[in-house]
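Structure record follows, encoded as structure tokens.
The values are calculated or read from the model by the stated rules, or taken from the named source; none is laboratory data. Source: prediction; values computed, not measured. As a convention, Cβ positions derive from the backbone with ideal geometry for all residues, glycine included, and neighbour counts pool all protein chains shown.
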Amino acid sequence: MLIAFIYAAMAFYGLSAASELFFRFKRRQILFVFAFSFSAAAWFLRWVQVGHIPLQTMFEIFLALGTLIGPMSFFCRKSLNMRDPLSIFADGLLGLCLLFHVRFIFSEDPRPLPPALQSWLFGPHVVVYMLAYVLLAKAAVQAAGGLSVAPLQREKQTYKLVCLAFPLLTFGLILGSVWGKIAWGDWWGWDPKELWSLACWLVYAAYFHWRALWGTRFVKINMWMVLLGFAAILCTLLWVNLSGLFTGLHNYAG
Amino acid sequence: MIHLGVLFVFLGGIWGSPKLITLCNRLFGREVISKGLICLPLGEKHSRVYDSQGKEIGRLPFDLHLENFDVFYYDNPSLIIQDKESPDFLYMVPIQTSGPVYFDGGIELEVLRQFQHLQIIFQDGRPVPAEEEGPPGQPDPGFEIKLRPPDGKEEYHYVWQRRAVHSLPKHRFRIQYQAPQWPRQYRSQISIWQADQQPIYCTIEVNRPFFYKGYLFYQSSWGQDEKGLYSVIGVVNNSGLTAVFFGYGLLALGTAGQCWFRPLLSHILKKKERLYRN
């Protein structure tokens with residue numbers, strides 16, 4: 001059942017992306033609603049299956065990210081007025097890519113929650129990071145698009161998205177640090193994941209400083225900084241956990 | 001506010017750093033421990049703190065006594081059963097004493113008894129299992145297991161939890177104890193003893209530390225040696241923690257204010273201004 005829901009969500013995300021490229025479907029929001037519903041159903045099924053909030057393994061994280069794409073896309077359309085074809089196409093494609101990884105790349109095997117993860121901070125810490133990552137992925141899409149088409153307009157959209165995500169990134173870092181103090185006695189452990197998370201935060205902090213200094217005078221540099229920040233996020237989310245190069249306190253996620 | 005928050009975090013970090021605490025200890029002749037580990041065997045009481053290399057780094061002004069230590073698991077202990085005559089016959093079954101378990105080919109397995117300290121003694125020249133009084137704090141638990149193939153030739157096996165598997169040459173099967181693999185929680189019940197004071201009792205688990213007199217005690221690890229179980233309790237000095245958490249508060253408020261509330265307020269004001277003009 002879970003796998004069937006994932007396939008259905010992938011199909012609807014794929015359709016929404018394709019509707020922007022090949023055919024203009026007026027009520028394309030309905031595709032996102034279906035994609036979100038199936039993905040959320042799969043995530044809740046997983047919750048029932050493992051008996052704890054499913055945010056532990058990469059399978060569960062990517063499933064949750066895929067679920068978040070739908071509501072975040074809706075929120076950005078309504079609140080930030082992001083209705084351009086690139087944004088909607090990218091949302092569909094992103095949802096499809098995330099769920100493709102869930103289905104075909106990551107192991108589905110459930111794992112019991114180790115003692116260190118049994119904390120009330122587990123859910124909030126991971127959820128704020130995931131919200132931030134989805135928004136920053138959308139910001140990176142806008143920044144990449146702005147390098148060639150409508151740079152000023154896209155730069156403003158990018159800035160709004162980074163503004164939305166940056167406090168979430170900060171909360172994630174703080175919650176993780178408080179949790180580290182409670183679980184391991186240290187609020188900072190020089191763990192590879194912690195260091196990469198801090199690197200992400202610093203790149204976006206540098207972006208804000210740069211933009212406060214120069215505004216939209218050097219639009220392309222602004223865009224490249226956002227793309228650099230997203231590259232750091234990819235390292236934090238994927239490389240640190242999957243490369244096997246880093247050993248640390250976050251190994252259970254790999 | 002954001003920059004002030006970062007500054008507080010930095011200052012708190014420096015104030016609580018082991019190097020500064022060591023320097024202050026030297027300058028003011030005090031004995032404050034910045035960070036270390038206390039290894040507490042079951043039933044023992046002491047105040048010695050060690051570093052991660054096992055070198056003693058100081059003593060706490062009070063003693064810690066490990067009253068009890070428990071490890072909880074998600075899974076149950078199991079038995080691995082192999083047939084020496086047929087390599088394909090390999091099963092793992094959770095240990096249960098409620099009745100026999102049946103395998104392919106009609107093979108029956110039954111855990112007859114569980115012992116806290118299993119010893120094999122000789123009665124009338126025959127080896128029999130017995131529950132013996134072992135050295136205090138060093139139990140040697142084990143099981144008596146009966147295996148019966150369809151041909152009816154019963155085998156009695158004795159399996160110890162903490163000893164290497166052995167199998168008599170005349171036995172067709174080989175049975176091995178498999179400890180549970182997925183820990184759920186570690187729990188140390190501690191009492192704190194200080195001269196002329198009543199002891200303080202507390203329970204320390206992973207993610208449930210205990211704060212006492214400027215120190216945080218957390219469940220770091222555990223182990224077992226020839227003397228029995230021991231719990232490793234982490235000790236961390238909380239110097240500078242208030243500044244760090246105050247800095248975090250400023251950071252959180254600052255980023256939310258700057259990135260969320262300020263643009264929202266300016267948007268609302270602009271909207272009102274437009275309405276007013278119209």
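Which residue is nearest to the other protein chains (Cβ to nearest Cβ), if the candidates are limited to region B:201-227 and must be surrounded by fewer than 16 Cβ atoms within 10 Å (Cβ to Cβ) and closer than 30 Å to B:Q116 by Cα?
B:S221
Suppose we filter region A:211-237 for residues that are over 20 Å from the mean Cα position of the chain (by Cα), in a helix (DSSP H, G or I) and either touching a residue at least 60 places away in the same chain (Cβ under 8 Å) or surrounded by 12 or more Cβ atoms within 10 Å (Cβ to Cβ) (or both); how many remain? Steps first, please.
In the first step, residues of region A:211-237 are kept if they are over 20 Å from the mean Cα position of the chain (by Cα); the result is A:211-222.
Keeping just the survivors that are in a helix (DSSP H, G or I) gives A:211-214, A:219-222.
Pick out the ones that are also either touching a residue at least 60 places away in the same chain (Cβ under 8 Å) or surrounded by 12 or more Cβ atoms within 10 Å (Cβ to Cβ) (or both) and you get A:211, A:214, A:219-222.
Total satisfying the criteria: 6.
If you take the residues of region B:53-85 that are touching a residue at least 60 places away in the same chain (Cβ under 8 Å) and charged (D, E, K, R), which of them is surrounded by the fewest Cβ atoms within 10 Å (Cβ to Cβ)?
This residue is B:E85.
Inside region B:244-274, can you point out the residues that are at the interface with another protein chain (Cβ under 7 Å from one of its Cβ atoms) and either farther than 16 Å from A:V162 by Cα or not aromatic (F, W, Y) (or both)? Break it down stepwise before answering.
Initial filter on region B:244-274 (at the interface with another protein chain (Cβ under 7 Å from one of its Cβ atoms)): B:244, B:248, B:251-252, B:255-256, B:259-260, B:263.
Selection gives B:V244, B:Y248, B:L251, B:A252, B:T255, B:A256, B:C259, B:P263.
What number of residues within region A:147-206 are among the acidic types (D, E), in contact with a helix residue (DSSP H, G or I) (Cβ under 6 Å, 6 or more places away or on another chain) and outside any helix (DSSP H, G or I)? Break it down stepwise before answering.
The initial filter retains those residues of region A:147-206 that are among the acidic types (D, E), namely A:155, A:186, A:191, A:194.
Among the residues that remain, those that are also in contact with a helix residue (DSSP H, G or I) (Cβ under 6 Å, 6 or more places away or on another chain) are: A:155, A:186.
Narrowing further to those that are outside any helix (DSSP H, G or I): A:186.
Residues meeting the conditions: 1.
When region B:213-223 is examined, which residues are found to be part of a strand (DSSP E or B) and either hydrophobic (A, V, I, L, M, F, W, C) or touching a residue at least 40 places away in the same chain (Cβ under 8 Å) (or both)? Give the derivation first.
Of all residues in region B:213-223, those part of a strand (DSSP E or B) come to B:215-223.
Passing the criteria: B:Y215, B:L216, B:F217, B:S220, B:W222.
Using the structure shown, decide if B:R59 is basic (K, R), within 28 Å of the chain's Cα centre (by Cα) and not in a helix (DSSP H, G or I). Walk me through how you get there before you give the answer.
Working: basic (K, R): yes; within 28 Å of the chain's Cα centre (by Cα): yes; not in a helix (DSSP H, G or I): yes.
Judged against the criteria, B:R59 is a match.
Residue under question is B:I233, and the condition is that it be surrounded by 14 or more Cβ atoms within 10 Å (Cβ to Cβ), within 19 Å of B:I33 (Cα to Cα), modelled with pLDDT of 90 or more and more than 14 Å from chain A (Cβ to nearest Cβ); does it hold? Spell out the reasoning first.
Details: surrounded by 14 or more Cβ atoms within 10 Å (Cβ to Cβ): yes; within 19 Å of B:I33 (Cα to Cα): yes; modelled with pLDDT of 90 or more: yes; more than 14 Å from chain A (Cβ to nearest Cβ): no.
No: the conditions fail for B:I233.
Which pairs do you get when a residue that is at the interface with chain B (Cβ under 8 Å from one of its Cβ atoms), found in region A:108-136, comes within reach of a residue that is in a loop (DSSP other than H, G, I, E, B) and modelled with pLDDT of 90 or more, reach meaning Cβ atoms under 6 angstrom, with the pair 6+ apart or on two chains?
A:P115/B:V206; A:A116/B:V206; A:Q118/B:N207; A:S119/B:N207
B:N25 passes all but one of (1) over 20 Å from B:K227 (Cα atoms); (2) touching a residue at least 12 places away in the same chain (Cβ under 8 Å); which number fails?
The number of the failed condition is (2).
Can you tell me which residues in region B:164-187 are within 13 Å of B:G142 (Cβ to Cβ) and of a type in the set (S, T, N, Q)?
B:Q176 - this is the single residue of region B:164-187 that is within 13 Å of B:G142 (Cβ to Cβ) and of a type in the set (S, T, N, Q).
Among A:L98, A:L31, A:L65, A:L45, which is the only one that is more than 30 Å from A:P115 (Cα to Cα), of a type outside the set (D, E) and part of a helix (DSSP H, G or I)? Break it down stepwise before answering.
Numbers: A:L98 fails: more than 30 Å from A:P115 (Cα to Cα); A:L65 fails: more than 30 Å from A:P115 (Cα to Cα); A:L45 fails: more than 30 Å from A:P115 (Cα to Cα).
The match here is A:L31.
From the list B:F89, B:F103, B:F115, B:F8, pick out the single residue that is surrounded by 15 or more Cβ atoms within 10 Å (Cβ to Cβ), away from chain A (no Cβ under 14 Å) and at pLDDT 85 or above. Please lay out each step first, then the result.
Working: B:F89 fails: at pLDDT 85 or above; B:F103 fails: at pLDDT 85 or above; B:F8 fails: away from chain A (no Cβ under 14 Å).
Answer to the selection: B:F115.
In this structure, is B:Q189 part of a strand (DSSP E or B), within 22 Å of the chain's Cα centre (by Cα) and at the interface with chain A (Cβ under 10 Å from one of its Cβ atoms)? Break it down into steps so the answer makes sense when it comes.
Numbers: part of a strand (DSSP E or B): yes; within 22 Å of the chain's Cα centre (by Cα): yes; at the interface with chain A (Cβ under 10 Å from one of its Cβ atoms): no.
Taking the combined requirement at face value, the residue does not satisfy it.
Looking at B:E154, is it within 23 Å of B:E110 (Cβ to Cβ) and touching a residue at least 12 places away in the same chain (Cβ under 8 Å)?
Numbers: within 23 Å of B:E110 (Cβ to Cβ): yes; touching a residue at least 12 places away in the same chain (Cβ under 8 Å): no.
It is false that B:E154 is within 23 Å of B:E110 (Cβ to Cβ) and touching a residue at least 12 places away in the same chain (Cβ under 8 Å).
Under the condition of being part of a strand (DSSP E or B) and of a type in the set (G, A, S), which residue from region B:27-56 is nearest to A:G185 (Cα to Cα)?
The selected residue is B:G36.
Among what's in region A:142-163 and is in contact with a Leu (Cβ under 9 Å, 6 or more places away or on another chain) and surrounded by 23 or more Cβ atoms within 10 Å (Cβ to Cβ), pick the residue that is nearest to the other protein chains (Cβ to nearest Cβ). Reasoning before the result, please.
Step one: filter region A:142-163 for residues in contact with a Leu (Cβ under 9 Å, 6 or more places away or on another chain), giving A:142-147, A:149, A:154, A:157, A:160-162.
Checking the rest, the ones that are also surrounded by 23 or more Cβ atoms within 10 Å (Cβ to Cβ) come to A:142-143, A:146, A:154, A:157, A:161-162.
Numbers: A:Q142: 17, A:A143: 17, A:G146: 20, A:R154: 18, A:Q157: 13, A:L161: 11, A:V162: 8 Å.
Among those residues, the one meeting the criterion is A:V162.
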